[in-house]
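Worksheet for the structure shown next.
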Amino acid sequence: MDAFQYRGNELYCEDVPVAKLAEEFGTPLYVYSGSMIVETLKTLQEVYAEVDPLVCFSVKANSNLGILRLLKAYGSGFDVVSGGELFRVLKAGGDPAQTVFAGVGKSDPEIAQAIEAGVLMFNVESEAELDSIARVAASMGRVAPIALRVNPDVDPKTHRYTATGQKESKFGLDIDRALRIAATVKDKPSLTMIGMHMHIGSQITTVEPYAKAVAKGVELIGQLREMGHPIAWYNMGGGYGIGYKGPEAKPLKEFAAAILPGIKAAGCRLAIEPGRVIAGNAGVLVGRVLYTKQSGDKRFVIQDAAMNDLIRPALYESFHRIWPVTVPPGLPAPPTDYEAAIPGTEPRDVVGPICESGDFFAKDRPLPPLDRGDLLATFSAGAYGMVMASNYNTRPRAAEILVEGDQARLVRRRETLDELVAAEEGL
Ligand code: LLP
């Protein structure tokens with residue numbers, strides 16, 4: 001499903017014109033398609049049906065309560081990496097028994113909070129963390145369920161900032177170390193090892209890295225069971241890539257075909273932690289053009305959405321399609337082939353008002369002529385967009401809208417300037 005389509009020359013999110021939302025709620029504005037989010041969740045639940053999957057939406061990708069509530073209503077579990085994300089999941093009515101807790105730096109209070117809530121398992125990233133969980137659980141008179149996060153040492157062929165499953169990565173444990181540590185778990189009565197976890201990276205577009213990782217995981221699970229650990233869960237993490245330019249990532253069915261045989265062989269239930277694939281293409285960021293200008297040979301479009309709203313282009317040089325919300329006559333919907341010439345366009349840099357050269361969304365991007373007041377949609381912004389937004393330059397963060405069919409709901413209102421300074425006043 002592509003929830004964002006042009007009808008005539010107007011961009012719609014499902015059955016709602018995006019321009020109407022920008023009019024009503026202002027810009028910058030995040031607009032999400034609830035139906036697309038639910039559809040991808042269901043696809044994941046279906047393609048892995050044989051191994052009784054638990055899809056744990058990775059909250060770091062998009063933590064809006066409206067979206068978490070929607071996912072929960074369709075049977076999603078959650079993957080959290082902080083006490084804050086766990087707090088959100090509980091607020092949204094998420095089930096802690098379907099929530100996994102990952103992250104390299106869990107603090108004692110966060111560990112206690114997660115034990116108290118009753119999370120399904122901790123993904124343990126180091127020996128020292130294992131000791132902390134054991135100590136905190138013992139002090140509470142509880143037994144904490146854990147999975148070791150293992151680095152299968154495969155190359156996920158993704159951006160260096162989003163590769164996580166290699167030996168040099170700060171995440172997880174290499175296989176030899178995992179085996180040594182597993183041997184010590186038996187001496188810790190406040191721990192029970194019920195799973196094995198891997199997450200090899202993000203925006204992975206091919207299936208081979210998964211196939212390689214699963215092969216290593218199956219062998220490791222055999223060894224862990226021989227030690228007497230009751231391994232019931234294979235947590236494969238997230239990482240499924242999406243199309244930012246066009247259809248560059250393999251369909252979910254093909255990832256499943258690479259992963260399923262190993263999980264079946266291991267006789268485990270499967271947990272997965274998808275974030276981007278559920279939320280990424282289900283969201284756009286809408287900005288309004290403030291000014292256009294020329295400097296040397298460069299043409300700039302200055303809009304009111306900026307790097308504080310979406311930092312991915314500045315941080316990873318990532319590509320997001322950008323196209324007017326109302327398309328000038330004669331121009332098609334946003335191109336999927338940027339190699340070919342696009343008639344009616346000229347190269348422009350799309351930038352925001354922030355005082356940084358890094359504040360750009362696109363460079364030399366083919367765009368039609370634009371004027372003050374025109375709306376621009378930046379696509380594939382539903383994951384790692386709003387969650388990474390900041391108040392840099394004392395800019396209130398964007399509002400967020402969740403669309404389902406012809407209904408649009410404000411799920412986060414725009415911040416006020418008073419709210420931005422509230423924590424600094426009356427001290
Ligand atoms: N599980 C673990 C343990 C993770 O570290 C991550 C993402 C996920 C699941 C979800 O991965 P996904 O399915 O979304 O690929 N800010 C970056 C992405 C950082 C990903 C961090 N970990 C970006 O904008 O591309």
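Using the crude model of +1 on Lys and Arg Cβ and -1 on Asp and Glu Cβ, and no other charge, please compute the dipole size for region 315-356 relative to its Cα centre, in debye to 20.
200
At most 16 other Cβ atoms within 10 Å and a DSSP loop assignment: could you name the trypsin sites (Lys or Arg not before Pro) in region 40-144 that fit?
Counting only loop positions with at most 16 other Cβ atoms within 10 Å, the trypsin sites (Lys or Arg not before Pro) in region 40-144 are Arg142.
Find how much the distance from Phe87 to Glu419 grows on full extension, using 0.36 nm per residue of separation minus their present alpha carbon separation; answer in nm with one decimal.
117.4 nm is the gain from fully extending Phe87 to Glu419.
Hey, can you find the accessible area per residue of region 153-293 for me, probe 1.4 Å, expressed in square angstrom?
Heavy-atom accessible area per residue stands at 41 Å².
Of the candidates Thr40, Thr27, Thr336, which one comes out as most mobile in a Gaussian network treatment of the chain with C-alpha springs shorter than 10 Å?
Thr336
Go ahead and set up a Gaussian network model of the chain, Cα springs under 10 Å, then flag whichever of Asp406, Asp304, Asp108 fluctuates most.
Ranking Asp406, Asp304, Asp108 by mean-square fluctuation puts Asp406 first.
What do you reckon, how do Glu46, Glu129 stack up by accessible area (1.4 Å probe), largest on top?
The residues order as Glu46, Glu129, largest area first.
Most fluctuating residue of Ser139, Ser107, Ser380 in a GNM of the chain with Cα springs under 10 Å: which is it?
Ser139
So how far apart, in nm, are the two label points at Tyr291 and Arg69 if each is 7 Å from Cα heading toward Cβ?
4.1
Report the one residue of Gly246, Ala389, Leu71 whose Cα lies farthest in the direction of the positive end of the charge dipole of the chain (charges on C-beta: Lys and Arg +1, Asp and Glu -1; origin at the Cα centre).
So the residue we want is Leu71.
Ignoring ligands, DNA and RNA, what percent of the 1.4 Å accessible area of region 1-88 is carbon and sulfur?
47
Cα extents of region 229-313 along the three principal axes, largest first, in whole Å?
64, 24, 21
If the only charges are +1 at each Lys and Arg Cβ and -1 at each Asp and Glu Cβ, what is the size of the charge dipole of region 34-277 around the Cα centre, to the nearest 20 debye?
300
If I compute solvent accessible area with a 1.4 Å probe over the protein chains, what percent of it on region 132-276 is carbon and sulfur?
53
Lys and Arg at +1, Asp and Glu at -1: add these up for the other residues within a Cβ distance under 11 Å of Ala256 and post the number.
-1
Rounded, prolate or oblate: pick one for region 34-277, where a ≥ b ≥ c are the square roots of the eigenvalues of its C-alpha gyration tensor, a/c under 1.5 means rounded, and failing that, prolate if a/b is larger than b/c, else oblate.
Judged from the Cα gyration tensor, region 34-277 comes out oblate (a/c at least 1.5, b/c at or above a/b).
For region 216-324: lysine pairs with Cα atoms under 26 Å, gap of 8 or more or different chains, count?
7
Given a 1.4 angstrom probe, what's the average accessible area per residue across region 12-106, in square angstrom?
That works out to 33 Å² for each residue.
To the nearest 20 debye, what is the magnitude of the charge dipole of the chain about its Cα centre, counting +1 on the Cβ of each Lys and Arg and -1 on the Cβ of each Asp and Glu?
Rounded to the nearest 20 debye, it is 440 debye.
Over the chain, what relative contact order in percent results from Cα pairs under 8 Å that are six or more residues apart?
It comes to 19 percent, rounded to a whole number.
Is the shape of region 349-427 rounded, prolate or oblate, going by the alpha carbon gyration tensor and its root eigenvalues a ≥ b ≥ c, with a/c under 1.5 for rounded and a/b larger than b/c for prolate?
It comes out oblate by the Cα gyration axes.
The values are calculated or read from the model by the stated rules, or taken from the named source; none is laboratory data. Every value quoted in this text rests on a predicted model; they were computed, and no experiment measured them. Quick reminder, even Gly has a Cβ in these numbers, built from the backbone with ideal geometry, and neighbours come from all protein chains shown. The area values use the complete protein model at the heavy-atom level, side chains included, leaving out ligands, DNA and RNA. Shrake-Rupley method; radii C 1.70, N 1.55, O 1.52, S 1.80 Å.
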